[in-house]
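Chemist: If you scroll down you'll find the structure; I have some questions about it.
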Amino acid sequence: GKVDRRALPAPARSEPVGEREAPRTPQEAALAGIWAQALGRERVGIHDNFFDLGGDSILSIQVVSRAQQAGLWITPRDLFQHQTVATLAAVAGAAPVPSGGEDAAGDVPLTPVQRRFFAADLTGFHHFNQSLLLGLREPADPGRLEQALGRVVACHAALRCRFLLSPDGSWRQTVQPAAPGTEPPLAVCDLAALPPADRRGALEGAAASLQESLDPAGGPVLRATLFSLGGGEQRLFLAVHHLVIDGVS
């Protein structure tokens, strides 16, 4: 007769034979503990292979998430390229600075999306951005609006990022300290004197120039302009470089 495979007990995971080398550093100890928990092992040696122990792509995501929670910055690709605790600990960096916070400053690792962006070697990459044109229900005071935008930049470190090309050809990301003057002031563009038929074209031209002025290396990565169209009608245009914002995550 046929074997009822569903009735068979789950195969027991055997522990590798041989002496395991214990962790030598706090990073190795943290990763070994995370691996043991994810793989259902009593303990893991620093030279044990993750996939030989039963690891797979799903478990690798769990390991990466737990490692980042423990303050170790690794990616799934790192785990596939460095399949032992010893080699993975050697490439693990400190967890990046959170995307918000006025105290955030200094170098932070590139995200996988940012790495792919630079690997594409795009021409004119300063122009890649997301923009938004907002109609205002009530007239806004430019001074107060500028202060509000300044607070947004101060509270979100991503909006203070700069991207610098290292001598070895690699890109690095650094966050500027939150301080007055970190970003340029709000621009004000008065189009009220133009004929109504010409205002839309003038606004679109000014918005395009604003997008082209984004500078991931020297800053800014955010531009804002308040357009006055006459009769109290205003539009607020915002452009943010794609390296620090997207419409999905």
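Chemist: Mind giving me the nanometre distance, one decimal, between the label points for Gln81 and Phe128, set 7 Å out from Cα along Cα→Cβ?
Modeler: 1.9
Chemist: Would you be so kind as to identify which of Ala187, Ser228, Val175 lies farthest towards the positive end of the dipole of segment 159-243, taking Lys and Arg as +1 and Asp and Glu as -1 on Cβ and the Cα centre as origin?
Modeler: Most positive-ward Cα: Val175.
Chemist: Compute the length gained on full extension between Ala70 and Asp215: take 0.36 nm times their separation in residues and subtract their Cα-Cα distance, giving the result in nm to one decimal. Mind dumping the intermediate values first?
Modeler: Details: separation 145, 0.36 × 145 = 52.20 nm, distance 3.40 nm.
Full extension of this stretch gives 48.8 nm more.
Chemist: A follow-up question, please. Relative to the Cα centre, what is the charge dipole magnitude of segment 144-249, using +1 at the beta carbon of each Lys and Arg, -1 at the beta carbon of each Asp and Glu, and rounding to the nearest 20 debye? Walk me through the numbers on the way to the answer.
Modeler: On the way: 9 positive and 10 negative charges, 53 e Å.
Approximately 260 debye in magnitude.
Chemist: Given R₀ = 30 Å, FRET efficiency for Gln62-Thr174 by Cβ-Cβ distance, to 0.05?
Modeler: 0.50
Chemist: Enumerate the calculated ³J(HN,Hα) couplings along segment 35-43 in order (Karplus 6.51 cos²θ - 1.76 cosθ + 1.60, θ = phi - 60°), each rounded to whole Hz, writing x wherever the residue is Gly or Pro.
Modeler: With the stated coefficients, segment 35-43 comes to 4, 4, 5, 5, 8, x, 9, 5, 7 Hz.
Chemist: With θ taken as phi - 60° and the coefficients 6.51, -1.76 and 1.60, list the Karplus ³J(HN,Hα) couplings across segment 192-208 in order, rounded to whole Hz; mark glycine and proline as x.
Modeler: 5, 6, 7, x, x, 5, 9, 5, 4, x, 5, 5, 5, x, 5, 5, 5
Chemist: A follow-up question, please. Evaluate E = 1/(1 + (r/R0)^6) for Phe51 and Arg20, where r is the Cβ-Cβ distance and R0 equals 22 Å; express this FRET efficiency to the nearest 0.05.
Modeler: Rounded to the nearest 0.05, the efficiency is 0.85.
Chemist: Please list 3J(HN,Hα) in residue order for segment 57-72, calculated via the Karplus relation 6.51 cos²θ - 1.76 cosθ + 1.60 where θ = phi - 60°; whole Hz, with x for glycine and proline.
Modeler: 5, 5, 5, 5, 5, 4, 5, 4, 4, 5, 5, 5, 5, 8, x, 10
Chemist: Any chance you could run the full-extension gain for Cys155 through Asp121? It's 0.36 nm times the residue separation minus the Cα-Cα distance, nm to one decimal.
Modeler: Going from the current span to full extension adds 9.2 nm.
Chemist: Continuing with this model, one more query. State the dimensionless ratio Rg/Rh of segment 118-249 (Rg: radius of gyration of Cα atoms; Rh: Kirkwood radius). Don't jump to the answer; show the numbers that get you there.
Modeler: Details: Rg = 16.2 Å, Rh = 16.0 Å.
Rg divided by Rh gives 1.01.
Chemist: For Val188, list long-range residues whose amide hydrogen, built 1.01 Å from N in the peptide plane, is under 5 Å from its own amide hydrogen.
Modeler: Answer set, sorted by chain and number: Leu226.
Read the figures in this text as sums done on the coordinates, not as results from a lab. A quick note: this is a predicted structure, and the numbers were derived from the prediction, not measured. Note that we place each Cβ from the backbone using ideal geometry, even for glycine, and neighbour counts take in every protein chain shown.
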